[in-house]
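Novice: Handing you this structure, nothing more for now.
The values are calculated or read from the model by the stated rules, or taken from the named source; none is laboratory data. What you are looking at is a predicted structure, and each value in this text was computed from that prediction instead of being measured. Here the Cβ is made from the backbone with ideal geometry for all residues, glycine too, and neighbour counts use every protein chain on show.
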């Protein structure tokens, strides 16, 4: 159990929305652990908050908890509360890889797409505080907020940060000038590693206590590869990559595919948000 003696109220709480399911209770416990880890208070939204509060009290008797009764849809309330939150935690009961490709939890998708702070989607209680923090990096320059959030989470957990890039085909102009007719897999791997090094440049000196790893993986299915890597991770961090104006595309395609299927808690970070508070 994390040391509750270090918990403070904090100006921005960890917010969690739960129902009376096992997944909801697991999300409440994850949110409580995050609140203790970050020395924050917990704000719990539910139709009936008391069962979750009782379960949390067994592990964290000193944790400051605010209760808020929300009888209807939690999504709108969580998005609103995210404007003044350090973090929002949402449960999902979707199964992992190998299950039918059902649509991810609509509450999780809506909150992640519109929140004003980082959102952690809890994979039905499969949370762990061991393993690295994985940071998904693509060809687009990652927003500093997203990268810093990943480093800060690795620091507070005392684990390495692993920058990950999944590439599906031949390197394009964003990665190299390799001739596709004289394709060299080793050169392509080196090229992707340079992309990762550039994305992480400067952050290691700002977070000298965080060991940094880089991992380039060739796989035509980016989401599938990320799900496989999440098995042994403490947390996976990705950008929200909002697509305003594109009907039905609230989140980037890979981020949307990870919700409900990642095997560790999935942190989705808006490019511009209130974090760090």
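Novice: Quick check on my filter: what residues within the range 54-64 are buried (at least 19 other Cβ atoms within 10 Å of the Cβ) and in contact with a strand residue (DSSP E or B) (Cβ under 8 Å, 6 or more places away or on another chain)?
Specialist: 56, 63 - these are the residues of the range 54-64 that are buried (at least 19 other Cβ atoms within 10 Å of the Cβ) and in contact with a strand residue (DSSP E or B) (Cβ under 8 Å, 6 or more places away or on another chain).
Novice: A further question on this structure: Filter the range 36-48 down to residues that are touching a strand residue (DSSP E or B) at 6+ places or on another chain (Cβ under 8 Å) and either surrounded by fewer than 19 Cβ atoms within 10 Å (Cβ to Cβ) or without any contact (Cβ under 8 Å) to a residue 24 or more places away in the chain (or both) and give me whichever is farthest from residue 79 (Cα to Cα).
Specialist: Per the criteria, the residue is 48.
Novice: Quick one: which residue in 135, 196 is surrounded by 14 or more Cβ atoms within 10 Å (Cβ to Cβ), in contact with a strand residue (DSSP E or B) (Cβ under 6 Å, 6 or more places away or on another chain) and modelled with pLDDT under 95?
Specialist: Among 135, 196, only 196 is surrounded by 14 or more Cβ atoms within 10 Å (Cβ to Cβ), in contact with a strand residue (DSSP E or B) (Cβ under 6 Å, 6 or more places away or on another chain) and modelled with pLDDT under 95.
Novice: Does the range 219-248 hold any residues that are over 19 Å from residue 168 (Cβ atoms), out of contact with any strand residue (DSSP E or B) (no Cβ under 8 Å at 6 or more places or on another chain) and either in a strand (DSSP E or B) or modelled with pLDDT under 85 (or both), and which are they?
Specialist: Residues satisfying the conditions are 242, 243, 244, 245, 246, 247, 248.
Novice: Would a scan of the range 201-217 turn up a residue that is in a loop (DSSP other than H, G, I, E, B), at pLDDT 90 or above, under 15 Å from the mean Cα position of the chain (by Cα) and farther than 24 Å from residue 191 by Cβ?
Specialist: no
Novice: Can I ask one more? For residue 7, which of the numbered conditions (1) surrounded by 20 or more Cβ atoms within 10 Å (Cβ to Cβ); (2) touching a strand residue (DSSP E or B) at 6+ places or on another chain (Cβ under 7 Å); (3) modelled with pLDDT under 90 fails to hold?
Specialist: Against the list (1) surrounded by 20 or more Cβ atoms within 10 Å (Cβ to Cβ); (2) touching a strand residue (DSSP E or B) at 6+ places or on another chain (Cβ under 7 Å); (3) modelled with pLDDT under 90, residue 7 comes up short only on (2).
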